[in-house]
Each structure stands twice: as structure tokens, then as C-alpha cells.
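The values are calculated or read from the model by the stated rules, or taken from the named source; none is laboratory data. The structure displayed is predicted, hence computed values, not measured ones. All Cβ positions, even for glycine, are placed from backbone atoms using ideal geometry, and neighbour counts span all protein chains on display.
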Amino acid sequence: MRRTTPALLLACCGLTCLNLNAVDKKPLPLIDPLEPSRIYMYPRPVENWLDVQIALARQAISCGSIDGVGGRQTAAGLRAFQQRAGLDPTGQLDNATRARLTLVAPPFKQVTLTADDLASLQSLSKTWLGKSQQTALAYETALELLAERTHAHPKLLQRLNPNVDWSAITPNTRLNIPSIDRTEPLAKPAQLHISLSANTLQVRDEAGNLIAHCPVSIARLAAKRPEGELHITVVIPNPDYTFDPDVFPESAEAKELGRKLILPPGPNNPVGIAWIGLDRPGYGIHGTPLPEQVGRTESHGCFRLANWDALALLEIAVVGLPVLVDP
């Protein structure tokens, strides 16, 4: 048992409690994390949806961008945890779930960005041609960089740091963030399972135990959604991207270009920081520059994950691994 101290931000930002028997759609009210209203002992049960999202992230169960809102993706993540724990998979934060889903360490910590982090930022061209001429498709802002590193929605970071000027971040700027370091390394996978109807991707071991869970975007057109058993054929970190105008018929620029372009790697690359190719031409599992839209919008045909979930999958994905796609 560890007692928390204000200096180490161990008071869980003084978050207020909410109804634990229903999926609340409203954002959590936060107060200044440096002026805590409570002192906690660890481990402790989760108290609110922000606690839930952080506790699940530590167990490789992603709810998308951590935002403290108990929406559909959080309920899906909670169901995944409940199934793994042998509980009734309701997606609700009932007492039985709270007894099993605990925070073993404080949910927040402080960090700083390095000079190299800040020097790597660069503006992103608004055109495909302009992007192809950049040295990298890097993060544009310190807020975007830190949001992806911490799996957090940018608005949550702004609420956790109300006095920070994000346009004037320096290496001396101390920033409050969710603490989402995994408690254990990922186990060896035997299969990936993608549910088209649930917009989820799950990784399971040989015994069928859940290793990881995350939301996924799928193709807008049903005809472009592959079903059945596929297999991984290639695993590429930090890929470049071949822009094919034929894939973007809605783009006026694509129609004018009439030729393919090679876009450099980076988190704002259209396939993010990972490409996991499948044995169907042109199909793969990959990251995205817009993590807040994963599971809420539809792709051109591939399976799109938040960059942090794609990076986690990159750790364990191997050529030949089966990928089962269900309706």
C-alpha cells in the first residue's frame, strides 16, 4: 500500500465521482491536478471513466483516445476486460467490475518534452503534392505529439494543463499526463480477430486468451470489407505511402494530378507509423494521423487503428499470423 503526495500528483486530479451503474456520456469534471482534494491509497478500484480508460490502457485494452467519456468504445473495452476476467460482459462499471479493475499506481504523472521533440515538429502541407515534398510527415504541434504518446485526446491534456500555452512549450515546461505504461509485456499471439460489426480488433493467444483489444475503422463500402481468414505478409514500421489518385475519387487534387506520389514516413502519413500487410492485394492494418476518428469514421478499405495501437501490434505481429475477419 502506498500513500500519495500532492507533489507527485498522486491524488488522481481530484476527480469527482460519477454514477458507476450506467455508461455516462458526459465528460468528467476535472479540477486543478496540482490542488488535489483527496489522498488515495494504491491499489484502489477505479472511480470514474477516466480511471477506467487509464487502467484498461495499462492492460493493452484501448478505448481509443483517453478522454474521460464513457462512450461506445469505452464500453467495448470494458466488455473485453470483463470477458477476460470471467465477469458478465455488460460494458457497465458495476461493483463486480470495480472489484477486479484496479489502479495499482497513480493515474497521472508529470513529464517534459525534449529539445529534440520540439525541433522535430513541422507544419503539414494541405495538398498531396506538398506532402510528397516534405522531409517527413511529422507531428505539427507539441499538443499533438504528447496526445499520441499518452493515448489522450488533446482536449483532455488541455484540461489537465489549464495554464499551459501550448504554442510556447519549452523543455522546461512540466506537463500533466495520463500514466498509461503497460503493466506487463504483450504475450505471443496466435490470431488476430477483427469484428466488422463491432469495429474492434482483438489479439488472442493459443488458448484463446485476450492479449490486446482496440477499436478499428473499416471500409465504408461493404464490398471492400474482406471476410474470412487472412494472413500477415509483411510488417513495416514507419512506412512511406504511395498516393494513388484512383483510390481518392472524391479528391479534386487527385483528379488533377493524374499520377502517383510517394509520401514520406511520419505519424501524419496516411497509414501512420505502421503497415501490416495482408494476403489480399492492397489490404493491411495500419495507423492513422487522426486517432480521434478511429472507429467513428470509415476507411477506403484497410483496417485503421490509432497510431499507438498500431505500434503495439507492431511489437508482436509476425508474417504468417492468421487474421480472422468476421461480419
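Scanning segment 213-263 for residues that are in a helix (DSSP H, G or I), in contact (Cβ under 8 Å) with a residue 40 or more places away in the chain and in contact with a Lys or Arg (Cβ under 8 Å, 6 or more places away or on another chain) yields a count of 0.
Among the residues of segment 273-317, write down those that are over 12 Å from the mean Cα position of the chain (by Cα) and closer than 21 Å to ASP181 by Cα. Of everything in segment 273-317, those that are over 12 Å from the mean Cα position of the chain (by Cα) and closer than 21 Å to ASP181 by Cα turn out to be ILE273, ALA274, LEU314, GLU315, ILE316, ALA317. Out of GLY77, GLY91, one residue alone is assigned to a loop (DSSP other than H, G, I, E, B), surrounded by 15 or more Cβ atoms within 10 Å (Cβ to Cβ) and within 20 Å of the chain's Cα centre (by Cα). It is GLY91.
Within segment 141-157, one or more residues are of a type in the set (Lys, Arg) and within 25 Å of THR288 (Cα to Cα). The residues of segment 292-327 that are part of a helix (DSSP H, G or I) and either in contact with a Phe, Trp or Tyr (Cβ under 6 Å, 6 or more places away or on another chain) or modelled with pLDDT of 95 or more (or both), listed by number, are ASN307, TRP308, ASP309, ALA310, LEU311, ALA312, LEU313, LEU314, GLU315, ILE316. Only residues that are assigned to a strand (DSSP E or B) and within 16 Å of ALA85 (Cβ to Cβ) were counted across segment 174-212, and they come to 5.
In segment 142-153 there is no residue that is among the polar types (S, T, N, Q) and without any contact (Cβ under 8 Å) to a residue 60 or more places away in the chain. A search for C-beta distances below 8 Å between a residue of segment 302-327 that is in contact (Cβ under 8 Å) with a residue 60 or more places away in the chain and any residue that is polar (S, T, N, Q) and surrounded by fewer than 15 Cβ atoms within 10 Å (Cβ to Cβ), counting only pairs 6+ apart in sequence or on different chains, returns ASP326/SER197; PRO327/SER197.
The condition of being free of Cβ contacts under 8 Å to residues at least 60 places away in the same chain and either touching a Pro at 6+ places or on another chain (Cβ under 9 Å) or closer than 15 Å to PRO215 by Cα (or both) holds for only one of GLY70, GLY77, GLY64, that being GLY70. The listed residues are ALA147, ALA138, and the only one of them that is modelled with pLDDT of 95 or more, in contact with a His (Cβ under 9 Å, 6 or more places away or on another chain) and under 30 Å from ALA254 (Cβ atoms) turns out to be ALA147.
Could you tell me which residue of segment 244-271 is farthest from ALA142 (Cα to Cα), considering only residues that are of a type in the set (Gly, Ala, Ser) and surrounded by fewer than 14 Cβ atoms within 10 Å (Cβ to Cβ)?
This residue is GLY258.
Could you check segment 155-166 and list, in sequence order, the residues that are touching a residue at least 24 places away in the same chain (Cβ under 8 Å) and in a helix (DSSP H, G or I)?
First, the residues of segment 155-166 that are touching a residue at least 24 places away in the same chain (Cβ under 8 Å): 155-156, 159-160, 162, 166.
Within segment 155-166, LYS155, LEU156, ARG159, LEU160, TRP166 qualify.
Flag set for GLY70, criterion: at pLDDT 90 or above and assigned to a loop (DSSP other than H, G, I, E, B).
The residue that is nearest to LEU145 (Cα to Cα), among those in segment 106-121 that are surrounded by 15 or more Cβ atoms within 10 Å (Cβ to Cβ) and in contact with a strand residue (DSSP E or B) (Cβ under 9 Å, 6 or more places away or on another chain), is LEU113.
Taking segment 308-327 as the range and being touching a strand residue (DSSP E or B) at 6+ places or on another chain (Cβ under 6 Å), surrounded by fewer than 17 Cβ atoms within 10 Å (Cβ to Cβ) and acidic (Asp, Glu) as the test, only ASP326 passes. Scanning segment 167-189 for residues that are of a type in the set (Val, Ile, Thr), without any contact (Cβ under 8 Å) to a residue 60 or more places away in the chain and surrounded by fewer than 19 Cβ atoms within 10 Å (Cβ to Cβ) yields a single hit, THR170.
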